[in-house]
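Chemist: Questions regarding the structure given below will be posed in turn.
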Amino acid sequence: MTAVDGLPTTHAPARRELPPSMVERVTLIMDLFEGRTARLSLEEVARCTRLPRSTAHRILDQLVRLRWLEHTGLGYGLGRRALGFGGGDGTHGRIREAAAARLHQLQIRTGLVVHLAVLDGAEVYYLDKVGGRFAATVPSRVGGRAPAHSTALGKAMLAWLEPEDVEARAGESIGRLTQRTICDMGTLHQELDRIRRRHGLAFERGECFPDIACAAAAVRGPDGPLAAISLVGDAWSPLEKAAPLVVDAARQVSHELFPRRQTPVRAPRRTAFEPEGTWSAEAMDRLLAVGQYGDWQ
């Protein structure tokens, strides 16, 4: 207490000091993300770190640009750099390990190229590629990327996200790569609904690269899609006949990663989770309809 003109008064509260270095401020923020599924808003980051909102926003923007974090409609989460190729928590490495045998089996049984990819923002990021004689003609590579909305891999994963998350990821980047690419959000949402109705089975024919067709299914965990597996052939490949193998492979990898999971993973709002189980040839005939121009409906 001090006296001013004979009246007691208190000292002004001590000004809170910010961490002196940018490295310490970045560390404060990154420490908040405990696992690959953690999602935080700007306000939550500012409150938990005690950084001014403008400072937190500036650092978050820089971390997103550098891919340490990603930003979607659901908030900020760990990005590709934080997770790393092998996954910051080992996720990508564990997915590749769990999927390796299934990818090779799928390639041997079908003779087609097999991909394993994860979703990174608006893109798919290829973790593995197992090829046959057709591999050299498929313009993909491990570590490469492609727009999620134009690939069966990406659509298989987007189908199990909330509609708002799909909008945040693909809304600004959606565009045409070929004459067959989906290039508006309304059509994309209709396609994702068809994928859910087909038990998660996604197709694309010439949407990303001309004369190439794919069938894919997502590897799903308790919090949503972790990755996807696809079969790749030329535009005339009868992928609808091999499609159940892709679904079974994705389901096996999911069970390998989460052997104790007893209940279905969470599905997006306003959709019903598909029944579990394998498909007979008759069931596939009922689920798949090939249009006169070769489009899967």
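Chemist: Test each condition in (1) modelled with pLDDT of 90 or more; (2) over 18 Å from the mean Cα position of the chain (by Cα); (3) open to solvent by less than 20 Å² (accessible area, probe 1.4 Å) for L245 and report the one that comes out false.
Modeler: Condition (3) is where L245 drops out.
Residues checked against (1) assigned to a helix (DSSP H, G or I); (2) basic (K, R); (3) open to solvent by 10 Å² or more (accessible area, probe 1.4 Å):
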residue	(1), (2), (3)
A101	yes, no, yes
Q105	yes, no, yes
I108	yes, no, yes
L119	no, no, yes
V124	no, no, no
D128	no, no, yes
S140	no, no, yes
H149	yes, no, no
L153	yes, no, no
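Chemist: Here are the criteria: (1) open to solvent by less than 50 Å² (accessible area, probe 1.4 Å); (2) in contact with a strand residue (DSSP E or B) (Cβ under 7 Å, 6 or more places away or on another chain); (3) over 21 Å from L127 (Cβ atoms). Tell me which single one D211 does not satisfy.
Modeler: (1)
Chemist: Which is among the charged types (D, E, K, R), in contact with a helix residue (DSSP H, G or I) (Cβ under 6 Å, 6 or more places away or on another chain) and outside any loop (DSSP other than H, G, I, E, B), of R220, R251?
Modeler: R220
Chemist: Starting from the stretch 207-236, take each residue that is under 16 Å from T110 (Cα atoms) and modelled with pLDDT under 85 and list its partners that are surrounded by 20 or more Cβ atoms within 10 Å (Cβ to Cβ) and of a type in the set (D, E, K, R), counting only C-beta distances under 9 angstrom and pairs at least six apart or across chains.
Modeler: Filtered contacts from the stretch 207-236: A235/R205.
Chemist: Of the conditions (1) part of a loop (DSSP other than H, G, I, E, B); (2) open to solvent by less than 10 Å² (accessible area, probe 1.4 Å); (3) out of contact with any strand residue (DSSP E or B) (no Cβ under 9 Å at 6 or more places or on another chain); (4) not aromatic (F, W, Y), V166 clears all except one; give me its number.
Modeler: (1)
Chemist: R180 - would you say it is part of a loop (DSSP other than H, G, I, E, B), touching a residue at least 24 places away in the same chain (Cβ under 8 Å) and more than 15 Å from D120 (Cβ to Cβ)?
Modeler: Yes; evaluated as a whole, the condition is true for this residue.
The values are calculated or read from the model by the stated rules, or taken from the named source; none is laboratory data. Because the structure is predicted, anything quoted here is derived from the model rather than measured. So basically every Cβ, Gly included, is an ideal-geometry build from the backbone, and we count neighbours across all protein chains shown. What goes into the accessible areas is simple: the full protein's heavy atoms, side chains included, and nothing from ligands, DNA or RNA. Shrake-Rupley method; radii C 1.70, N 1.55, O 1.52, S 1.80 Å.
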